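Taking it in order: structure first as structure tokens, then the write-up.
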């Protein structure tokens, strides 16, 4: 009793392991069963070839016995016609024996031929079924891979929702923060670069005016233009009160 319980427990564990491998990769398991069936089919075909050799030997034996019967019949007939009944009787006895063996072997040949034909039909049917199994394996393998891909895409589509609660949503938020920070840095740099520009522009305008004044004086000295044309008097008039006020101070 204890041994039976122990054996049932072992069988249960073996079944669990077998079920695990069956469910882990069913396509590989189907391919394994298919390959095993193909090997069995090869062995069956070899056995059928050997059986066919037996049928061929029986066929040859039957053909030889038929020829022997014909020869014995001819001899019996010839000795009877020659009046030698004793010799004809000996060949007649042998003829009966050969005919009996021929009848048995012919019956065996019919049985062997029928058995061979049945086995050939079985192997052809099994070969057709194996071809169907191979097609099913390819079909199931493709469908299984497609279903896995569809399941992964369905799961992935959930992940691609840019919600703040998902990883992609959090990553998107970080990217947007970095973009905003970079834009802020660029704006600050631009604002800081504009500081002091008014002083620089005033300095440039003053330098430009001084250069114009010097150029007009030079033109007056050379006689290229008159003071009236160069508006120097107007400038002096405008600068006169300022100069006097400076001297008085």
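Under conditions of 25 °C and 0.890 mPa s, the stretch 62-153 yields 133 µm² s⁻¹ as its translational diffusion coefficient, taking Rh as the Kirkwood radius over Cα pairs in the Stokes-Einstein equation. Projected label points at residue 181 and residue 84, each 7 Å from Cα along the beta carbon direction, are separated by 12.7 nanometres. If R0 is taken as 41 Å, the Cβ-Cβ distance between residue 208 and residue 174 corresponds to a FRET efficiency of 0.20.
Taken together, the values in this text are just the output of simple stated rules run on the coordinates, not laboratory data. For clarity, every value in this text was computed on a predicted model and none was experimentally measured. Every residue, glycine as well, gets a Cβ built from its backbone with ideal geometry; the counts of neighbours run over all protein chains shown.
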